[in-house]
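One structure is given below, encoded as structure tokens.
The values are calculated or read from the model by the stated rules, or taken from the named source; none is laboratory data. Just so you know, these numbers come straight off a predicted model, no measurement behind them. Cβ sites come from the backbone with ideal geometry, for glycine too, and all protein chains shown count toward neighbours.
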Ligand code: ARG
Ligand code: ZN
């Protein structure tokens, strides 16, 4: 929804009379956004506004079929534009109801409408497709399954960072957020858990269609559905917020218990950071011990072996930092993981006071020194989710708090959240807020914590 203007490639012609004419080059939307970590992810020339993902899933075979409809606004005149889409078979693409030409090179899908789209115009692209989605392997996120996944009778989606294109065509970069509608049809008795507010459940006889709406801007990597033998458990959170959890039917009782602190955590983080950003929250637990969790927007996902109080706090805090305020580019990932790690420590502080906090941070510090964790501001290109962005990222915030004092520190967090919510922020944006609020020159401080190789001395 909000994006930086990229790639305005201009052709400057000097005409005979000395007049300078500036013309737009070609009208092809750029195939990438120049992300320092993932050059090819995302596309230029348009701004997505709304996605409608309408899919039927055959759970037994893992086959899907349906359409993704994308409403977007051209930010330049477009003779062609790209979407990111990996695997699956496309049977038709229509732009404003007219079939368009298309071709694909790896995940770069180039669409050429019959007539150019004028700058500023809103246009609708409908991609019709089918097949069996495959996960998207990412060498920078080794050993972690990404994208559309299926184990036994459970299907789930964990896309961070590039896996969204394994199940729907999109502008695959966090800098282009949009609202979403999910219309997912599955055979009885399967249940769909989707990001967004559940608004309808249509009984079609042998199948059911689960409809949900994401009415706030969302990065494509945070869009997710899970299909399984789930029971939906509703609770009312602070200020009437709907908390809807989806648990495997046979574990509903123990998981209800494990997730019971969620409401209180929402209150604690809202007090520290600012109001909870979305109109619903909850968790989906899949019966696969994949050893992780992911902060899908409004519906964090957990493997059965990742259900513990601090991971629950971690994923919840990402709704503020990661989901509402998303990284401008992928090498700002510490703005997600460092903040969520520090939120775990803030939960420990809420529970056990100053000792809870220091014990938590001391343990992280020891590990950080033992592992010689490198600078979180320069993530390891072979390992985007390296411990550094989590632990040294979290310690950067703790050290900042010790440097500027509690009052300024929490004002920095709230101001940063308020200023960049529903949008994107870079590391420099955060540093600018920290310097503005503290009225201190923090360049040496951030240089040491975020960019220097050596782990800084522990401050007291
Ligand atoms: N963002 C996740 C978290 O809560 C970690 C995801 C790491 N793996 C991945 N495939 N993105 O820490
Ligand atoms: Zn995280």
Pull up the stretch 147-171, narrow it to residues that are assigned to a loop (DSSP other than H, G, I, E, B) and at pLDDT below 95, then point me to the one that is nearest to ligand 2 (Cβ to nearest atom). 152
Can you spot a residue in the stretch 403-410 that is surrounded by fewer than 22 Cβ atoms within 10 Å (Cβ to Cβ), touching a residue at least 60 places away in the same chain (Cβ under 8 Å) and in a loop (DSSP other than H, G, I, E, B)? no
Check the stretch 120-133 and report whether any residue there is away from ligand 2 (no atom under 16 Å from the Cβ), within 22 Å of the chain's Cα centre (by Cα) and at pLDDT 95 or above. yes
Check on residue 352, part of a helix (DSSP H, G or I) and modelled with pLDDT under 95: no
If I ask for residues that are within 12 Å of ligand 1 (Cβ to nearest atom) and buried (at least 24 other Cβ atoms within 10 Å of the Cβ), which ones from the stretch 336-346 would you list? 336, 337, 338, 339, 340, 341, 343
Across the stretch 386-406, the tally of residues that are within 16 Å of ligand 1 (Cβ to nearest atom) and out of contact with any helix residue (DSSP H, G or I) (no Cβ under 7 Å at 6 or more places or on another chain) stands at 3
If we keep just the residues of the stretch 258-284 that are under 20 Å from residue 416 (Cβ atoms) and without any contact (Cβ under 8 Å) to a residue 24 or more places away in the chain, which is farthest from the chain's Cα centre (by Cα)? 271
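Quick one: would you say residue 174 is within 16 Å of ligand 2 (Cβ to nearest atom), farther than 25 Å from residue 57 by Cα and in a loop (DSSP other than H, G, I, E, B)? Please lay out each step first, then the result.
Numbers: within 16 Å of ligand 2 (Cβ to nearest atom): yes; farther than 25 Å from residue 57 by Cα: yes; in a loop (DSSP other than H, G, I, E, B): yes.
Criteria met by residue 174.
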Take residue 282 and decide whether it is surrounded by fewer than 22 Cβ atoms within 10 Å (Cβ to Cβ), on the phi > 0 side of the Ramachandran plot and more than 15 Å from ligand 2 (Cβ to nearest atom). no
For the stretch 288-306 the number of residues that are more than 12 Å from ligand 1 (Cβ to nearest atom) and out of contact with any helix residue (DSSP H, G or I) (no Cβ under 8 Å at 6 or more places or on another chain) is 3
Applying the selection to the stretch 285-310, what residues are in contact (Cβ under 8 Å) with a residue 24 or more places away in the chain, within 13 Å of ligand 2 (Cβ to nearest atom) and touching a strand residue (DSSP E or B) at 6+ places or on another chain (Cβ under 7 Å)? 292, 294, 301
The conditions are (1) within 20 Å of residue 256 (Cα to Cα); (2) crowded, with 23+ Cβ neighbours inside 10 Å; (3) over 19 Å from the mean Cα position of the chain (by Cα), and residue 289 fails exactly one of them. Which is it? (2)
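Among the residues of the stretch 234-257, how many are within 13 Å of residue 281 (Cβ to Cβ) and either more than 22 Å from the chain's Cα centre (by Cα) or part of a strand (DSSP E or B) (or both)?
Total meeting the criteria: 12.
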